[in-house]
Structures are given as structure tokens and as C-alpha cells.
Amino acid sequence: MSVTLRKYSRSIHLWLSLVIFIPVIIVIASGLLLQVKKEFDWLQPPTQKAQNSAPTLAFDDVLATVKQVPQTNLKTWEDIDRLDVRPGKGIIKVRGKNHWEVQLNAQTGEVLQVAFRRTDTIEAIHDGSWFFEGAKLWVFLPAAILLFVLWVTGLVMLITTLKSKYRKQKYQQKNANDVNRYSK
């Protein structure tokens, strides 16, 4: 039984690993980059710090300030993806749909930093949505499920192999004991 189970597990393991090879490599590589995103300013701009107090800047002032930053090309609210308000750091991060980020002092409106933010693109690659509509659901989700099956079949192979080695070792010890007993 365990030999047959190990044989089927090995076969399933081999073919599934070939099927999901490319999506899994993409997820691993992008996941590694996301793990170290705060270590490299090129991936994600570091969060600046201003006075640690409640924001007083009005939304109209936020938009007026980011309009004045030429490289971001943020002209209307439609160009802005989100505002990230950090009262503990005294800043407002304005993230554009074009991945430019402007960090503002939450009280004075002073521009503290302007930088291109690459982590959003890496996150989209990581979850598959960057490739085409539906890749997330129809390629990367099945690959994740199949990766789980690979884990299970690998576990089956490990357990059956260890069980087999244990039985073989126990059999060899028994035979060695029998040989020693009869040779005396």
C-alpha cells in the first residue's frame, strides 16, 4: 500500500510541479522583494517624519500642493489613488494612480518627499493582477491550490520513505540478531 501511495504521490508531485513552475517562481521572487521593501528606498520610499500631532491640512490644500509638484502629474482627485494619513508621524502620503508618492507635512502642507513607488507594481505581479484581468483568479489561485497539493504529496513521500527505512532498519537488526544467536 505505502509503495503504491508513494509512487502515485511522486508522479502527482512531478507533474504538478511542472505545471505551476512559472507562477510559483513569480510569486517567490516578488514575495522576496516585498519582504525587503522597507530596506531599499528604490522599492518603497521611506516614510518621512514631521511634528507628531493631529493633521490640520484641508483636502483642498492637499490637492493644491501636489498639483505644484511637476514630476508627479497629479492634477485632479481622479489622478489620486489614496491618501495615507499618519498622525503619529505627522504626515500625509498622497499616492497617485501613476505610482508617484508625495509626502506632506500634515499641518503645514510642506512637501517632505517626492518619489516613485514600485511596491504597488510588485504587489500586482505577486498576486497576478499585473499580467491580465483574471490571472489572479484563473492562474495564480489554482497555482496556489496545486502548491498545497504538492506540499501534501511531498509529505506523503516523506512519511512513506521514513516508514520504509524504519522497517528496513528494524528488519536488518532482527536478522543480525538472529545470525548472531545461531552462530554461537
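The values are calculated or read from the model by the stated rules, or taken from the named source; none is laboratory data. This one's a predicted model, so the numbers in the text were calculated from it and none came from an experiment. Here the Cβ is made from the backbone with ideal geometry for all residues, glycine too, and neighbour counts use every protein chain on show. Only protein heavy atoms, including side chains, enter the accessible area calculation; ligands, DNA and RNA are left aside. Shrake-Rupley method; radii C 1.70, N 1.55, O 1.52, S 1.80 Å.
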Original post:
Any idea of the accessible area per residue across the chain, 1.4 Å probe, to the nearest Å²?
Top reply: 68 Å²
Original post:
Heavy-atom accessible area of TYR8 with all protein chains present, probe 1.4 Å, nearest 10 Å²?
Top reply: 140 Å²
Subject >> Solvent-accessible surface ranking, highest first, for GLU78, GLU133 at 1.4 angstrom >> reply: GLU133, GLU78
**OP:** Filter the chymotrypsin sites (Phe, Trp or Tyr not before Pro) in region 20-105 to those in DSSP coil with at most 15 other Cβ atoms within 10 Å of their Cβ, and list the result.
**Re:** PHE40, TRP42
Original post:
Taking a probe of 1.4 angstrom, what is the accessible area of LEU16 in Å², to the nearest 10?
Top reply: 30 Å²
Subject >> Net charge dipole size for the chain [Lys, Arg +1 and Asp, Glu -1 on Cβ; Debye, nearest 20] >> reply: 2020 debye
Subject >> Size of charge dipole - region 100-182 - debye, nearest 20, with Cβ of Lys, Arg +1 and Asp, Glu -1, no other charges >> reply: 1300 debye
Original post:
Per-residue accessible area for PHE140 at 1.4 Å probe radius, Å² rounded to 10?
Top reply: 20 Å²
**OP:** Please give every one of the lysines within straight-line cross-link reach of LYS67, meaning a C-alpha to C-alpha distance under 25 Å, and leave out same-chain neighbours fewer than 8 residues apart.
**Re:** LYS49, LYS75, LYS89, LYS93, LYS97
**OP:** Towards the positive end of the charge dipole of the chain, with charges on Cβ (+1 Lys, Arg; -1 Asp, Glu), say which of GLN68, VAL19, SER129 has the farthest Cα.
**Re:** VAL19
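To the nearest 20 Debye, how big is the dipole of region 1-59 about its Cα centre, given +1 on the beta carbon of each Lys and Arg and -1 on that of each Asp and Glu?
Using Cβ point charges on Lys, Arg, Asp and Glu, region 1-59 gives about 340 debye.
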**OP:** At a 1.4 Å probe radius, which order do VAL149, VAL69 fall into by accessible area, largest first?
**Re:** VAL149, VAL69
**OP:** Show ARG167, ARG82 ordered by accessible area, largest first, where the area counts protein heavy atoms only and the probe is 1.4 Å.
**Re:** ARG167, ARG82
**OP:** Can you tell me how much longer the chain between LYS37 and LEU137 gets when fully stretched, taken as 0.36 nm per residue apart minus their C-alpha distance, in nm with one decimal?
**Re:** 33.5 nm
**OP:** Only one of the values [x] 21.8, 73; [y] 22.1, 67; [z] 28.4, 99 was calculated from this structure for Rg and Dmax of the Cα atoms in Å; name its label.
**Re:** [z]
